[in-house]
Amino acid sequence: MKVTEHLRQAKGTLVSFEILPPLKGKTINSIYDHLDPLMEFKPSFINVTYHRAEHIFKKKADSSFEKVEIRKRPGTVGICAAIMNHYKVDAVPHLICGGFTVRETEDALIDLYFLGIDNVLVLRGDAAKNETFFEPEPEGHKYAIDLLKQTVNLNNGIYLEESIRNGFRTDFCIGVAGYPEKHFESPNTSTDMLYLKAKVDAGAEYIVTQMFFDNQKYFDFVKNCRENGIDVPIIPGLKPISSIKQLNVLPRTFHVDIPTELSTEILKCKTDADVELVGTEWLKQQSIELKKAGVPVLHYYTLGRPKIIENVVRAIL
Ligand code: FAD
């Protein structure tokens, strides 16, 4: 079922989760072990992130280096199919521009549709590990909106191959990303908002936000979106803090602020187990306030921390 249909049928705030494919070498059971404790909360859908290939330089016998492409976390499409089959829950694959040509994208969309997947979250992706700026493939998309338009085209039966007439129409419900604290490459909030509005005007049916630790940033973002004519549901993305290291890693990686009140509490902690308690309580309070404000869904980035999410969701349901 489409995410938008879940929202339409909802009697209150829904819950959804986001997972990463396991590292290559691990089995699908690592996903089930991760999700099993969370399934009692009846998530409306489960997102599966996409991780592009990286290039590494491998030393050869003659001491020269060989550039090798490796994918540490393959399997997004397969995991989505497995989740739907195993749990009978809708899976939402993330699809990115990075690393894909437009033809590969079309084939990936067809595969997803054949598997009975009704939703996609379309994203640009970040720069590859060894690049400073995002570089599209020579025949790939530069921005998420271009990937979105290709998906909308397929929903209208328009294929890259012009000779395909009367091809079947996919019927994907398409989500996009939004940034309460602005996308880090954007010159300012207004410009970022213009591009977000363009994605919605081009057919995005809902927005999932980057994580934030201060609810006011989400409320201001929603208000700003509404004032700019963006009227689709805006799903808050929520992540628990569970280690002292994250005080620096999260701002550096995701370009988000940690509120002083939270960082002060974390800095008082002696161990990561103490941080986990602080992080759990913070996320619980964030969730309670957001639920009270009537957000459509609480979308949790579970990323290896299902126990915290379990404790939080149990406390708020
Ligand atoms: P875009 O919407 O293309 O925006 C990128 C930048 O370009 C922004 O600064 C925007 O303002 C600007 N821009 C947009 N359109 C134009 C235009 N036409 N002209 C000029 N500038 C423009 N990454 C992954 O690799 N895999 C994942 O699974 C993944 N999941 C994510 C899930 C969520 C909910 C979020 C919030 C992010 C996720 N990301 C993921 C990270 C995401 O790929 C990065 O944040 C990326 O840098 C931007 O993606 P986007 O889709 O927002 O890009």
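The values are calculated or read from the model by the stated rules, or taken from the named source; none is laboratory data. Computed from a prediction, not measured in an experiment: that's the story for all the values here. Backbone-built Cβ (ideal geometry, glycine too); neighbour counts: all protein chains shown.
Observations on the structure shown:
- In the condition set (1) within 27 Å of residue 234 (Cβ to Cβ); (2) among the charged types (D, E, K, R); (3) at pLDDT 95 or above, residue 126 is compliant with all but (3).
- When region 288-311 is filtered for residues that are of a type in the set (Val, Ile, Thr) and over 20 Å from the mean Cα position of the chain (by Cα), only 288 remains.
- Scanning region 165-198 for residues that are within 24 Å of residue 5 (Cα to Cα) and either polar (S, T, N, Q) or assigned to a helix (DSSP H, G or I) (or both) returns 170, 196, 197, 198.
- The residue that is farthest from residue 218 (Cα to Cα), counting only those in region 275-294 that are buried (at least 18 other Cβ atoms within 10 Å of the Cβ) and touching a residue at least 60 places away in the same chain (Cβ under 8 Å), is 282.
- Members of region 105-122 found to be in contact (Cβ under 8 Å) with a residue 12 or more places away in the chain, assigned to a helix (DSSP H, G or I) and either acidic (Asp, Glu) or more than 16 Å from the ligand (Cβ to nearest atom) (or both), listed by number: 106, 110, 111, 113
- Taken over region 88-114, residues that are crowded, with 17+ Cβ neighbours inside 10 Å and over 20 Å from residue 52 (Cβ atoms) amount to 3.
- Residue check for residue 49: hydroxyl-bearing (Ser, Thr, Tyr), touching a strand residue (DSSP E or B) at 6+ places or on another chain (Cβ under 7 Å) and within 16 Å of the ligand (Cβ to nearest atom): yes
- In region 37-80, the residues that are at pLDDT 95 or above, surrounded by 18 or more Cβ atoms within 10 Å (Cβ to Cβ) and of a type in the set (Gly, Ala, Ser): 44
- Consider region 123-137 and keep the residues that are without any contact (Cβ under 8 Å) to a residue 60 or more places away in the chain and charged (D, E, K, R). The one that is farthest from the ligand (Cβ to nearest atom) is 137.
A quick yes/no check of all residues on (1) farther than 20 Å from residue 91 by Cα; (2) small (Gly, Ala, Ser); (3) surrounded by 20 or more Cβ atoms within 10 Å (Cβ to Cβ):
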{"position": "146", "(1), (2), (3)": "yes, no, no"}
{"position": "168", "(1), (2), (3)": "yes, no, no"}
{"position": "183", "(1), (2), (3)": "yes, no, no"}
{"position": "187", "(1), (2), (3)": "yes, no, no"}
{"position": "205", "(1), (2), (3)": "no, no, no"}
{"position": "210", "(1), (2), (3)": "no, no, yes"}
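- Residue selected from region 188-215 under the condition without any contact (Cβ under 8 Å) to a residue 40 or more places away in the chain and among the acidic types (Asp, Glu), by the criterion farthest from the ligand (Cβ to nearest atom): 201
- Matching residues, region 236-287, being more than 21 Å from the chain's Cα centre (by Cα) and basic (Lys, Arg): 245, 268, 270
- Identity of the residue in region 148-159, in a loop (DSSP other than H, G, I, E, B) and either of a type outside the set (S, T, N, Q) or within 16 Å of the ligand (Cβ to nearest atom) (or both), that ends up surrounded by the most Cβ atoms within 10 Å (Cβ to Cβ): 159
- Those residues of region 199-238 which are in a loop (DSSP other than H, G, I, E, B) and over 26 Å from residue 281 (Cα atoms), in sequence order: 202, 203, 204, 205, 228, 229, 230, 231, 232, 233
- Residue count for region 166-187, restricted to those that are of a type outside the set (A, V, I, L, M, F, W, C) and within 10 Å of the ligand (Cβ to nearest atom): 9
- For region 239-278, the set of residues classified as closer than 30 Å to residue 175 by Cα, outside any helix (DSSP H, G or I) and among the β-branched types (Val, Ile, Thr) consists of 241, 256, 258, listed by residue number.
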